[in-house]
Amino acid sequence: MRSAVIVGAGAFGSSLAWWLARAGTQVTLVDQFEPGDPRTTSGGESRLIRCGHGPDAGYTASARRARTLWRQLEAACGEQLLIECGLTWFAHHDDGWEARTIATFEEQRIPHERLAPEDGARLFPSWSPTGLAFLLHEPEAGVLRAQRAVRALARQAQVHGARLLRGVARPAGAAARLDDGRVLEADVVVWACGAWLGRLFGEHVAIRSTRQELFFFDGGPAWAAPGVSAFVDFEQAIYGTRDIDGLGVKAAPDFDGPALDPDAALPPASAAGEAIARRFLGERFPALARAPLRGSKCCRYELSPDAHFVAAPLPEQPSVWLLGGGSGHGFKHGPALAEQVAAALAGTAPLPAHFGLADRCGGSLLRTAGAAR
Ligand SMILES: Cc1cc2nc3c(=O)[nH]c(=O)nc-3n(C[C@H](O)[C@H](O)[C@H](O)COP(=O)(O)OP(=O)(O)OC[C@H]3O[C@@H](n4cnc5c(N)ncnc54)[C@H](O)[C@@H]3O)c2cc1C
């Protein structure tokens, strides 16, 4: 493949641009905004990177591979993008999702520790083990500086010869037409349009755009220390991080929020969401029960019906590909997914069938047990 047009410079599109440009493909990367714009799904400050995906071997291996590739990106751009603070899963049952994750980790030799609930006291400045069966700690997991990472991907793609264009693109047969009238043609045109993908290609993919809320609390210096682990409570559908880059301790409910149009302005976060975050933090980390709220914001998930990614050509136009459906867990996989997509574009390795455009039904648990409230 000599040339590619990629519409969408989020984590998925920029990763693919970086990957293909490094391999010598002539890449044109187009976005309506600057890469990492806060209106896009990749635009936030931080995203978790963890290998735990329950029994799913494919996403587990992909996350592990992605860690290596994020490190390569860091080396190329000279910036720290991945904070390897570890990540701890709070297991409420001995035989739940975390136990199945451990089985997958053992098969793939992914570093992990199964800890007693009381051991949380050495991972967090304040701790209550109440209600937990055990902890699953991934010492090599952590947090990606999301917006900076997306910008680094797009910049590194440019270093390798990619062209970055600003504009709104629309499908025009097998090409992409920009709002200024330019028509971009290439051996392959990839639409990596995040929440906008469903609107552009609604007859092929069902992508729901939902409003999600993030809360940042002032935990004081103890919660800014490098050794404090990130965390996920799968069953209670909430996750968070220590105070990174002075933003505050992050807590984010993971239930699918209400529908939010991709072009709608992001509303302020709700008092109800804050109450959920605060209650969780207070129960698990008692010192945070009355921590002042330092900030809050909304962003949007772009959910496929079953939380599996979308990466497939259009049946009637094999040179036109759709890439998306990150479904609230896609960021970390960006470069590893790009590697897989590049192999599929080159015809050297097929993608998993569940990335295809066939009808899907709900059910995969790839983030937390959260669903619509
Ligand atoms: C609150 C929140 C927390 C999350 N937490 C995690 C996490 O902890 N770990 C994790 O791995 N993932 C997480 N995710 C998911 C992850 O961030 C997304 O899956 C990922 O960023 C999706 O990237 P994308 O490139 O598909 O979409 P986007 O980042 O939205 O990129 C799509 C791009 O396409 C552009 N575009 C769209 N239409 C057009 C058009 N017609 N013309 C030109 N440009 C266009 C947009 O401007 C945008 O830049 C989270 C997401 C959210 C919202």
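The values are calculated or read from the model by the stated rules, or taken from the named source; none is laboratory data. Since we're looking at a predicted model, the values are computed, not measured. Cβ: placed from backbone, ideal geometry, glycine included. Neighbour counts: every protein chain shown. With ligands, DNA and RNA removed, areas are computed over all heavy atoms of the protein, side chains included. Shrake-Rupley method; radii C 1.70, N 1.55, O 1.52, S 1.80 Å.
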**Prompt:** With θ set to phi - 60° and the Karplus curve 6.51 cos²θ - 1.76 cosθ + 1.60, what are the ³J(HN,Hα) couplings of the range 226-232 in order, to the nearest whole Hz, using x for Gly and Pro?
**Reply:** x, x, 6, 6, 6, 8, 9
**Request:** For Asp256, enumerate residues with amide H under 5 Å from its amide H, sequence gap 5+ or separate chain, H modeled in the peptide plane.
**Result:** Ala371, Ala372, Arg373
**Item:** Among Ala336, Ala174, Ala152: highest mean-square fluctuation, GNM of the chain, C-alpha pairs under 10 Å
**Value:** Ala174
**Item:** Relative contact order of the range 112-190, defined on C-alpha pairs under 8 angstrom at six or more residues apart (%)
**Value:** 17 percent
**Request:** Return the distance in nm (one decimal) between the two label points of a simple spin-label model at Ala76 and Arg114, each offset 7 Å from Cα along Cα→Cβ.
**Result:** 3.9 nm
**Request:** Please identify, among Gly246, Gly173, Gly356, the residue showing maximal mean-square fluctuation in a Gaussian network model of the chain using a 10 angstrom Cα cutoff.
**Result:** Gly173
**Request:** Out of all DSSP beta bridges with both ends in the chain, state the antiparallel percent to the nearest 5.
**Result:** 70 percent
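About the Cα centre of the chain, how large is the charge dipole given +1 on each Lys and Arg Cβ and -1 on each Asp and Glu Cβ? Please answer in debye to the nearest 20. Write out the running numbers ahead of the final one.
Working: 38 positive and 40 negative charges, 152 e Å.
The calculated dipole for the chain is roughly 720 debye.
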**Message:** I'd like the carbon and sulfur percentage of the solvent accessible area for the chain, probe radius 1.4 Å, heavy atoms only, ligands and nucleic acids excluded.
**Reply:** 52 percent
**Complete:** With the dipole of the range 264-373 defined by +1 on each Lys or Arg Cβ and -1 on each Asp or Glu Cβ, the option from Pro267, Pro305, Ala346 whose Cα lies farthest towards the positive pole is Pro267
**Request:** Mind grabbing the accessible area of Tyr239 for me, 1.4 Å probe, Å², rounded to tens?
**Result:** 40 Å²
**Magnitude of the charge dipole, the range 157-228, Cβ model with Lys/Arg +1 and Asp/Glu -1, debye to 20** = 160 debye
**Distant-in-sequence amide H partners of Ala172 (H built 1.01 Å from N, under 5 Å)** = Arg177
**Request:** Might you work out the accessible area of Trp191 for me, using a 1.4 Å probe with all protein chains in place, and round it to the nearest 10 Å²?
**Result:** 0 Å²
**Prompt:** What list of ³J(HN,Hα) couplings, whole Hz, do you get for the range 243-250 from phi and the Karplus terms 6.51, -1.76, 1.60, once you set θ to phi - 60° and write x for glycine and proline?
**Reply:** 6, 10, 6, x, 7, x, 5, 9
**Item:** Integer Hz, Karplus 6.51/-1.76/1.60 couplings in order for the range 210-225, x for Gly and Pro
**Value:** 10, 8, 10, 10, 10, 10, 10, 10, 7, x, x, x, 4, 8, 9, 5
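For the chain, what does the accessible surface come to per residue with a 1.4 Å probe? Please give it in Å².
On the way: 14500 Å² over 373 residues.
Counting only protein heavy atoms, the per-residue value for the chain is 39 Å².
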**Complete:** Counting only residues 5 or more apart in sequence or on a different chain, those whose built amide H sits under 5 Å from that of Ile207 are Gly198
